[in-house]
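The values are calculated or read from the model by the stated rules, or taken from the named source; none is laboratory data. Every value quoted in this text rests on a predicted model; they were computed, and no experiment measured them. Heads up, the Cβs are rebuilt from the backbone with ideal geometry, glycines too, and the neighbour counts pull from every protein chain shown.
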């Protein structure tokens, strides 16, 4: 992934109060990141704008955020529906062996014998474990559980995943 690519971490829902605060729905596993950020990109309708963060506070299951550049509810209202993003280099570092979904989508999937199975097109979160949707060359979608006994290797540098198919898959 190139550093100039941005990852969405939240969505602006609406304004809050008259001072220009916005309600943000976090779209990250690490919502606490908002409390230490100094700036964020706001993307809406093809326009991306870098904004300084003035204050952050919790509000129910949301985040109330105030930009330095915004002083009123009217100014904040134009951001409704916008996406808050960070550069890829600013993502929270994951522990060894853990990956962001965007890092895996598009990787080629191979069997342990070296045969290409297809390309990872989607990841379903089932609660117990993720399930990889792999589009085969024939166009069928194979569902592969993202378990250590199945997924033997993820090699981001070479854009490949090696799996050992369980009987019945």
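Within the range 56-71, being in a strand (DSSP E or B), free of Cβ contacts under 8 Å to residues at least 24 places away in the same chain and touching a strand residue (DSSP E or B) at 6+ places or on another chain (Cβ under 7 Å) holds for 56, 57. Output yes when any residue across the range 120-127 is touching a helix residue (DSSP H, G or I) at 6+ places or on another chain (Cβ under 8 Å), at pLDDT below 95 and exposed (fewer than 14 other Cβ atoms within 10 Å of the Cβ), and no when none is. The answer is no; no qualifying residue exists. Which number in (1) surrounded by 13 or more Cβ atoms within 10 Å (Cβ to Cβ); (2) over 15 Å from the mean Cα position of the chain (by Cα); (3) assigned to a strand (DSSP E or B) marks the one condition that residue 84 misses? That leaves (2) as the condition not met. Among the residues of the range 91-117, the ones that are under 30 Å from residue 52 (Cβ atoms) and in contact (Cβ under 8 Å) with a residue 40 or more places away in the chain come to 5 in all. Of all the numbered requirements in (1) at pLDDT 95 or above; (2) outside the structural domain of residue 22 (by TED's automatic domain parsing), residue 95 misses one, and that requirement is (1). When the range 30-51 is limited to residues that are touching a residue at least 24 places away in the same chain (Cβ under 8 Å) and assigned to a loop (DSSP other than H, G, I, E, B), the one that is surrounded by the fewest Cβ atoms within 10 Å (Cβ to Cβ) turns out to be 30. Filtering the range 10-29 to residues that are surrounded by 13 or more Cβ atoms within 10 Å (Cβ to Cβ) and farther than 18 Å from residue 71 by Cα leaves 10, 11, 25, 26, 27, 28. Residues that are farther than 19 Å from residue 96 by Cβ number at least 2 in the following strands (runs of 3 or more DSSP E) confined to the range 116-169: 116-125, 130-135, 141-145.
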